[in-house]
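Colleague: I have a structure I would like to understand better, so I am pasting it below and will then ask my questions one at a time.
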Amino acid sequence: ADEKRRLEDEIKAELKARNAVLVAHYYTDADIQRLAEETGGCVADSLEMARFGNQHPASTVVVAGVKFMGETAKILNPEKTVLMPTLEATCSLDVGCPADEFSAFCDAHPDRTVVVYANTSAAVKARADWVVTSSCAQSIVEHLDAQGEKILWAPDKHLGRYIERTTGADMLLWDGSCIVHEEFKARGVDDLKALYPDAAILVHPESPEAVVDMADVVGSTSQLIHAVQTLPNERFVVATDNGIFYKMQQLAPNKTLIEAPTAGNGATCRSCAHCPWMAMNGLENLLHVLRTGDQEIRVDEALREDALRPLRRMLDFTA
Ligand code: 13P
Ligand code: SF4
């Protein structure tokens with residue numbers, strides 16, 4: 001505990017000395033989220049992280065999350081230094097959508113408006129007309145559909161399928177998925193529902209269709225947190241990364257939160273529903289990068305300008 005306190009104190013001092021702000025995702029460890037809160041940074045979903053980093057006056061933004069979040073911060077803030085505890089923290093959606101293959105896919109369907117999820121590399125964003133996150137995907141696709149546009153969607157097929165069903169838009173889907181949400185099983189959720197009939201089922205739309213179909217609320221991390229605060233239920237089954245429990249429990253201390261099972265028999269294990277890349281963000285590597293300036297995000301300028309356009313569109317649309 002003393003060692004942890006020492007690390008936290010040093011991180012706080014370094015943040016001040018560097019004029020740096022810490023921006024963390026809800027899936028990072030509780031220690032990181034707490035530090036972001038205590039130091040005037042923010043804990044947020046991917047859309048809010050992008051907006052916060054963009055508006056904050058600090059000269060260095062430290063992004064605790066996964067690489068696409070750091071890249072997004074750099075694309076929006078080329079004049080700022082963007083650091084991450086480790087650049088190795090990637091995302092299975094990003095890895096599963098290489099820019100060259102994606103570009104060929106776009107070339108094969110020139111009649112379609114290209115909409116990509118934020119969980120992609122700068123190079124993939126540079127090929128897109130729009131970037132979306134799970135909190136704004138539906139409204140942006142609705143808007144495009146109303147204009148008669150056909151959509152090419154990448155990379156998350158589950159989120160894509162969900163948006164396709166809720167909007168009725170014509171969507172061609174890339175075949176990608178999140179290794180964390182992919183593991184939630186409808187049968188296990190069903191078992192919990194039988195055990196706790198009063199519980200509300202909260203599901204992130206990166207989950208498989210059968211799980212999404214069981215949800216009382218489908219939404220981004222911030223939308224699911226909002227649901228825990230506002231729904232009258234006392235119990236919630238939560239199908240998303242269990243890092244989110246820190247903020248849910250903080251904002252709704254009297255509610256009972258139950259992890260959705262990641263195995264068909266209803267069994268659950270803490271490490272299953274936790275992103276291995278989010279878990280790479282720790283106090284030690286955070287302090288290291290603050291001291292050394294190591295693990296800095298850099299994005300090629302021409303690429304950055306191309307990736308900025310669809311990102312700006314998203315921020316303007318949701319402003
Ligand atoms: P949101 O925070 O935008 O819901 O995204 C979830 C996610 O997968 C981030 O890795
Ligand atoms: Fe990517 Fe899934 Fe991890 Fe989010 S939880 S960063 S979508 S692998």
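Colleague: In the range 129-158, which residues are in a strand (DSSP E or B) and away from ligand 1 (no atom under 14 Å from the Cβ)?
Modeller: Of everything in the range 129-158, those that are in a strand (DSSP E or B) and away from ligand 1 (no atom under 14 Å from the Cβ) turn out to be W130, I151, L152, W153, A154.
Colleague: Taking the range 34-70 only, how many residues are within 13 Å of ligand 1 (Cβ to nearest atom) and either small (G, A, S) or in a helix (DSSP H, G or I) (or both)?
Modeller: Looking only at that region, the number is 14.
Colleague: Still on this model: Only one residue in G40, G53 is within 17 Å of the chain's Cα centre (by Cα) and either without any contact (Cβ under 8 Å) to a residue 12 or more places away in the chain or not assigned by TED's automatic domain parsing to the domain that holds P205 (or both), so which one is that?
Modeller: G53
Colleague: Looking at P205, is it surrounded by fewer than 17 Cβ atoms within 10 Å (Cβ to Cβ), in a loop (DSSP other than H, G, I, E, B) and outside the structural domain of C136 (by TED's automatic domain parsing)?
Modeller: No.
Colleague: Please work out which residue is surrounded by the most Cβ atoms within 10 Å (Cβ to Cβ), limiting yourself to the range 8-42 and to residues that are more than 16 Å from ligand 2 (Cβ to nearest atom) and polar (S, T, N, Q).
Modeller: T39
Colleague: Regarding A200, is this residue under 24 Å from Q33 (Cβ atoms), touching an Asp or Glu at 6+ places or on another chain (Cβ under 6 Å) and outside the structural domain of T133 (by TED's automatic domain parsing)?
Modeller: yes
Colleague: Do we have any residue at all in the range 82-95 that's more than 16 Å from ligand 2 (Cβ to nearest atom) and assigned to a helix (DSSP H, G or I)?
Modeller: Among the residues of the range 82-95, not one is more than 16 Å from ligand 2 (Cβ to nearest atom) and assigned to a helix (DSSP H, G or I), which makes the answer no.
Colleague: Looking only at the range 238-288, how many residues end up being modelled with pLDDT of 95 or more, in a loop (DSSP other than H, G, I, E, B), hydrophobic (A, V, I, L, M, F, W, C) and away from ligand 1 (no atom under 16 Å from the Cβ)?
Modeller: Looking only at that region, the number is 1.
Colleague: Return yes or no: is R112 more than 15 Å from ligand 2 (Cβ to nearest atom) and closer than 19 Å to V289 by Cα?
Modeller: Taking the combined requirement at face value, the residue does not satisfy it.
Colleague: Just to verify a result, which residue in the range 289-319, among those that are assigned to a helix (DSSP H, G or I), within 20 Å of the chain's Cα centre (by Cα) and among the hydrophobic types (A, V, I, L, M, F, W, C), is nearest to N77 (Cα to Cα)?
Modeller: Out of the qualifying residues, it is L308.
Colleague: Here's something else I'd like to know. Here are some residues: E71, E79, E142. Which one is among the acidic types (D, E), in contact (Cβ under 8 Å) with a residue 24 or more places away in the chain and surrounded by fewer than 20 Cβ atoms within 10 Å (Cβ to Cβ)?
Modeller: Going through E71, E79, E142 in turn, just one is among the acidic types (D, E), in contact (Cβ under 8 Å) with a residue 24 or more places away in the chain and surrounded by fewer than 20 Cβ atoms within 10 Å (Cβ to Cβ): E142.
Colleague: Check A260, A194, A210, A227 and return the single one that is of a type in the set (G, A, S), farther than 30 Å from A154 by Cα and out of contact with any Cys (no Cβ under 6 Å at 6 or more places or on another chain).
Modeller: The unique qualifying residue is A194.
Colleague: Which condition does E182 not pass, out of (1) in a helix (DSSP H, G or I); (2) more than 16 Å from the chain's Cα centre (by Cα), if it passes all the others?
Modeller: Of the numbered conditions (1) in a helix (DSSP H, G or I); (2) more than 16 Å from the chain's Cα centre (by Cα), the odd one out for E182 is (2).
Colleague: While we're looking at this one, here's another question. Looking at (1) crowded, with 19+ Cβ neighbours inside 10 Å; (2) in contact with a His (Cβ under 7 Å, 6 or more places away or on another chain), can you tell me which one L172 breaks?
Modeller: (1)
Colleague: Ok, one more. Looking only at the range 96-112, count every residue that is in a loop (DSSP other than H, G, I, E, B) and within 28 Å of V66 (Cα to Cα) and tell me the total.
Modeller: Qualifying residue count, the range 96-112: 3.
Colleague: Restricting the search to the range 231-243, which residues are touching a strand residue (DSSP E or B) at 6+ places or on another chain (Cβ under 7 Å) and not acidic (D, E)?
Modeller: Hits for the range 231-243 are L231, N233, R235, F236, V237, V238, A239, N242.
Colleague: Just name the residue that is farthest from ligand 2 (Cβ to nearest atom) out of those in the range 115-128 that are in a loop (DSSP other than H, G, I, E, B) and of a type outside the set (V, I, T).
Modeller: Going through the qualifying residues, I end up with R127.
The values are calculated or read from the model by the stated rules, or taken from the named source; none is laboratory data. In this text the structure is predicted, and so the values were computed from the model without any measurement. Ideal geometry is used to build each Cβ from the backbone, glycine not excepted, and the neighbour counts take in all protein chains shown.
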